[in-house]
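Read-outs: derived from the displayed coordinates by stated rules, not from any lab. None of the values given here were measured: they were computed from a predicted structure. Note: ideal-geometry Cβ built from the backbone for every residue, glycine included; neighbour counts use all protein chains shown.
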Amino acid sequence: MNFLLAFLLISSSALLILLIRYALNWLATSYKYQLFGKMISRVNTNEKAVALTYDDGPNSPYTDDLLDVLQEFDAKATFFAVGESIKSNPDVTRRLIAEGHELGNHSYSHKQLVNISLDTIRSEIQKTDDVISDLGFKANTHFRAPYGLKRIRLPWELAQRKKVSILWDVDPKDFENPGPETIADSIVQNVKPGSIVLMHDGMQDGDRNRSQTVAATKLALQQLQQEGYQFKTISELMALEA
């Protein structure tokens, strides 16, 4: 009897641990729910407007090339920049701000902000806010977690800072370099009013050549403009929410 009771207790404990791990992993990757603060992966609007977003930069010369393309189509975008990359590329950062694009916080070093201390999370957010402020841009920017991973501590800290956690609903996986046409087709086929498109003007691990993303952006802009879409910053898109 004692053996059976011990077995049941051990089994129950093991099951509880598995359930907790599952819940934490679900929270880390969910695009629908988080425990604290506001999270957006798509804006609820009937207007044909989308937000193009670029992660991991700035990254010369590809961020400059993207800005040229966006300027050609009179399109605005949001760049979720890494603090270290901003410090390495201040001129293009100033340019994107001057041309009316939005700058978001994508952490300072692009490390995963799960399974680490709250102090480290705070440092990753604050150091990038400080770099952004030094360039004359508002510090209370939107935030995108590296790799889109969160859980409990990061959303809690963002809520204290009144930062919105921005994810996405269209991911053409441009970082895999499948070809500009493949990237653009994935965007055009999956986008809908209020969509947030994830792309990359930089890369923290691997090839930093983002020429395919530049070419794909031009192709997607051409096709979506013909369909009547407008291209907004995240804040502009959020303002359209029904």
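Computed values, structure above
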{"read-out": "Residue order, fewest to most surrounding Cβ atoms within 10 angstrom, among Glu181, Glu47", "value": "Glu181, Glu47"}
{"read-out": "Computed helical MRE - 222 nm, the chain, DSSP H runs ≥ 4 contributing -39500 (n - 2.57), nearest 500", "value": "-14500 deg cm²/dmol"}
{"read-out": "Hz values of 3J(HN,Hα) by residue in region 69-82 - Karplus curve (6.51, -1.76, 1.60), Gly and Pro given as x", "value": "5, 4, 5, 4, 9, 6, 10, 9, 9, 10, 10, 8, 9, 8"}
{"read-out": "Proxy reagent accessibility, fewest Cβ within 10 Å first, across Asp130, Asp205", "value": "Asp205, Asp130"}
{"read-out": "For region 109-217, diffusion coefficient by Stokes-Einstein and Kirkwood Rh (Cα), 25 °C, 0.890 mPa s, µm²/s", "value": "157 µm²/s"}
{"read-out": "The chain: most fluctuating residue of Asn46, Asn105, Asn209 per GNM, C-alpha cutoff 10 Å", "value": "Asn46"}
{"read-out": "Using θ = phi - 60° and Karplus 6.51 cos²θ - 1.76 cosθ + 1.60, couplings along region 51-64 (whole Hz; Gly, Pro as x)", "value": "10, 8, 10, 10, 10, 6, x, x, 8, 6, x, 6, 5, 4"}
{"read-out": "Added length on full extension, which subtracts the Cα-Cα distance from 0.36 nm per residue, Ser133 to Lys173", "value": "11.3 nm"}
{"read-out": "³J(HN,Hα), Karplus 6.51/-1.76/1.60, whole Hz, each residue of region 128-134, x for Gly, Pro", "value": "6, 4, 5, 5, 5, 4, 4"}
{"read-out": "The chain: C-alpha gyration tensor shape, a/c 1.5 cut-off, then a/b vs b/c", "value": "prolate"}
{"read-out": "Given Lys76/Lys138; Lys150/Lys173; Lys127/Lys218, the pairs whose alpha carbons are separated by over 24 Å", "value": "Lys127/Lys218"}
{"read-out": "Amide H contacts under 5 Å for Val170, placed H, 5+ residues apart", "value": "Ile196, Leu198"}
